[in-house]
Amino acid sequence: MKNKYFFILILAFGFLSCSENTPRKPIQHRSGSYFKESVEISKKHNDIEETEIKRVIALDSLNNYEASTFGFWYYFDKKNEDNNASSPKATDIVDVNYEILNLYGEVIYKKEEIGDKKIIIDKEHEIQGLNEGLKLMKEGESVTFVFPSYMAYGLNLQQEDPRIGQKQPLIYKVELKSIIKNNQK
């Protein structure tokens, strides 16, 4: 009889000790090498992309492209010669229309599809390139911008636009219709 109780006690102890999940220690530890490799791959992609953009720009002998300090290129289709005209600053509202093309000039979105847009400088969720490019413009100007992918949508995994791919350089043809300074007119 003692053996029976002893056996039941051992069985109960065995079941109770097995019911608790204990976490395992990781088998491998990740080092910073994964991130270093990722940075190197991005640098190589950016270099290849920049080379292709410069090649496309060189083929366009009709326009004189300028390089911005932000890493994109642009030229004026229509320039405002008024020396008193100013460019928009942070929190100014601009009324624009634009179309989006791929690097080889094929239209992705027509101006009519996008329509006129009011954008608050540095406050809207526009691509970084457009936000910085608008600051170079004056009222009434039209500018063509060539944005590398990191100034456009980059590797935005949440973007679900079937027309614009990841890591795709883009051309924006932008017309700045009006500027409302500091959100007041």
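Tell me yes or no: at least one residue of the range 141-163 is among the charged types (D, E, K, R), outside any loop (DSSP other than H, G, I, E, B) and crowded, with 16+ Cβ neighbours inside 10 Å.
no
Would you mind finding the one in LYS173, LYS110, LYS123 that is under 21 Å from ARG55 (Cα atoms) and either exposed (fewer than 13 other Cβ atoms within 10 Å of the Cβ) or basic (Lys, Arg) (or both)?
After applying the criteria, what remains is LYS173.
Would you be able to tell me the number of residues in the range 49-83 that are surrounded by 13 or more Cβ atoms within 10 Å (Cβ to Cβ) and of a type in the set (Val, Ile, Thr)?
Qualifying residue count, the range 49-83: 3.
For the range 29-65, enumerate the residues that are basic (Lys, Arg) and either at pLDDT 95 or above or part of a loop (DSSP other than H, G, I, E, B) (or both).
If the condition is that a residue be basic (Lys, Arg) and either at pLDDT 95 or above or part of a loop (DSSP other than H, G, I, E, B) (or both), then ARG30, LYS54, ARG55 are the ones that fit.
Note down all Cβ pairs under 8 Å where the first residue falls in the range 90-104 and is surrounded by 17 or more Cβ atoms within 10 Å (Cβ to Cβ), the second is among the aromatic types (Phe, Trp, Tyr), and they're at least six residues apart or on different chains.
TYR98/TYR172; GLU99/TYR109; GLU99/TYR172; ILE100/TYR109; ILE100/TYR172; LEU101/TYR172
Could you tell me how many of the residues in the range 127-185 are more than 15 Å from the chain's Cα centre (by Cα), at negative phi and at pLDDT below 85?
3
The values are calculated or read from the model by the stated rules, or taken from the named source; none is laboratory data. Since this is a predicted model, take the numbers as computed values, not measurements. Please note: Cβ atoms are built from the backbone with ideal geometry, for glycine as well, and neighbour counts cover all protein chains shown.
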